[in-house]
Amino acid sequence: MNLQDLFGLEGRVALVTGGSRGIGKMIVEGLLAAGAARVYIVARKKEQVDETSAELGEKVIGLVGDLSQMDGIQQLADDLAAREDKLDILVNNAGAAWGEPFEEFSEAGWHRTMDLNVKTPFFLTQKLMPLLKKAGTEDRPAKVLMIASIDGMKTNPWPTYPYQASKAGLIHLTRRMAAELVQHNIIVNGIGPGAFPSAMNRAARDNADMVEKGIPSRRVGVTEDMAGGAIYLLSRAGDYVVGTTIAIDGGVVNANVGAGNFVDPSGD
């Protein structure tokens with residue numbers, strides 16, 4: 001058994017939405033370390049896309065787009081199809097959080113969160129199906145990775161109602177899409193991140209000393225934690241894992257006898 005063959009991603013072409021920062025960027029770094037040939041990243045802000053592309057090197061190709069709307073999803077699919085004849089890996093990472101008191105929660109916040117966190121992964125995968133089907137074979141299936149959250153596995157005290165509902169919905173959507181796409185040699189799985197420092201999780205970024213007290217592993221996540229989980233699911237090592245969402249959270253969901261939550265409701 002060759003570990004490089006088991007966990008390597010040589011020759012693979014990947015797309016990571018929201019790949020310019022945070023968890024998306026961590027996954028991009030993992031893909032590169034595992035040998036991916038090209039990694040496309042897409043985000044709304046050009047300066048962030050350009051900065052990350054320049055930092056991570058020529059294998060990273062930056063695209064700018066707003067995936068919260070169907071025209072942006074279609075534009076990305078068309079752009080990628082003009083550049084590549086197949087897509088081995090799709091990481092649906094782009095997301096949003098919105099927090100407001102229950103009595104004041106706005107429809108705008110509800111729609112933005114539910115659209116980007118649930119609608120976008122579904123329709124982007126749908127639009128990219130031709131490229132994924134061309135890549136997937138029985139011996140080397142294409143992979144789709146959904147980035148959910150432990151907030152879809154447990155409740156938290158923040159007033160981020162659609163965020164928590166959307167991530168729970170995404171976990172079930174992962175199961176249902178996995179059942180549909182496995183017949184096309186496309187394997188769908190998910191990751192539920194816990195406390196990783198990012199603009200979405202400012203508590204973990206700015207107050208790690210406080211946050212880690214509620215984590216059984218007694219620390220917040222780092223790039224290697226997220227990259228390792230993604231590489232496992234996206235490589236040959238994860239080919240027999242189908243429709244599963246793995247919590248990468250230091251034990252908050254499955255090994256915590258107390259309460260703990262660390263998603264900042266002001267993140268976007």
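Suppose we filter G19, G35, G11, G24 for residues that are part of a loop (DSSP other than H, G, I, E, B) and buried (at least 23 other Cβ atoms within 10 Å of the Cβ); which single one remains?
G19 is the lone residue from the list that is part of a loop (DSSP other than H, G, I, E, B) and buried (at least 23 other Cβ atoms within 10 Å of the Cβ).
If you check I215 against the conditions, is it modelled with pLDDT under 95 and over 24 Å from L3 (Cβ atoms)?
yes
Quick grid of which residues meet (1) surrounded by 19 or more Cβ atoms within 10 Å (Cβ to Cβ); (2) modelled with pLDDT of 95 or more; (3) in contact with a Gly (Cβ under 6 Å, 6 or more places away or on another chain):
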residue	(1), (2), (3)
G136	yes, yes, no
L145	yes, yes, no
I150	yes, yes, yes
M153	yes, yes, yes
Y163	yes, yes, no
M177	yes, yes, no
G192	yes, yes, no
P197	yes, no, no
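State all residues of the stretch 123-139 that are out of contact with any helix residue (DSSP H, G or I) (no Cβ under 8 Å at 6 or more places or on another chain) and assigned to a helix (DSSP H, G or I); if no residue qualifies, say none.
Of the stretch 123-139, the ones out of contact with any helix residue (DSSP H, G or I) (no Cβ under 8 Å at 6 or more places or on another chain) are 126, 134-135, 137-139.
Once the filter is applied, which keeps residues that are out of contact with any helix residue (DSSP H, G or I) (no Cβ under 8 Å at 6 or more places or on another chain) and assigned to a helix (DSSP H, G or I), the stretch 123-139 yields Q126, K134, A135.
Residue by residue through the stretch 38-64, note down the ones that are in contact with a Gly (Cβ under 9 Å, 6 or more places away or on another chain), among the small types (G, A, S) and outside any strand (DSSP E or B).
S53, A54
Take the conditions in contact with a strand residue (DSSP E or B) (Cβ under 8 Å, 6 or more places away or on another chain), surrounded by 14 or more Cβ atoms within 10 Å (Cβ to Cβ) and assigned to a loop (DSSP other than H, G, I, E, B) and apply them to L67. Does it pass? It would help to see each step written out before you state the result.
Values: in contact with a strand residue (DSSP E or B) (Cβ under 8 Å, 6 or more places away or on another chain): yes; surrounded by 14 or more Cβ atoms within 10 Å (Cβ to Cβ): yes; assigned to a loop (DSSP other than H, G, I, E, B): yes.
When the stated conditions are applied, L67 passes them.
Need the failing condition index for R44 against (1) within 20 Å of M146 (Cα to Cα); (2) modelled with pLDDT of 95 or more; (3) not small (G, A, S), just the number.
(2)
Kindly establish whether G229 is free of Cβ contacts under 8 Å to residues at least 40 places away in the same chain and crowded, with 21+ Cβ neighbours inside 10 Å. Walk me through it before giving the result.
Working: free of Cβ contacts under 8 Å to residues at least 40 places away in the same chain: yes; crowded, with 21+ Cβ neighbours inside 10 Å: yes.
Spelling it out, G229 is indeed free of Cβ contacts under 8 Å to residues at least 40 places away in the same chain and crowded, with 21+ Cβ neighbours inside 10 Å.
Listed here are the residues, each with its yes/no results for (1) modelled with pLDDT of 95 or more; (2) surrounded by fewer than 21 Cβ atoms within 10 Å (Cβ to Cβ); (3) in contact with a Leu (Cβ under 9 Å, 6 or more places away or on another chain); (4) not hydroxyl-bearing (S, T, Y).
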position	(1), (2), (3), (4)
L234	yes, no, yes, yes
G243	yes, yes, no, yes
N256	no, yes, no, yes
P265	no, yes, no, yes
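How many residues, within the stretch 145-172, are over 22 Å from T125 (Cβ atoms), assigned to a loop (DSSP other than H, G, I, E, B) and of a type outside the set (A, V, I, L, M, F, W, C)?
6
The values are calculated or read from the model by the stated rules, or taken from the named source; none is laboratory data. None of the values given here were measured: they were computed from a predicted structure. Counting neighbours? That spans all protein chains shown, and the Cβs are built from the backbone with ideal geometry, glycine included.
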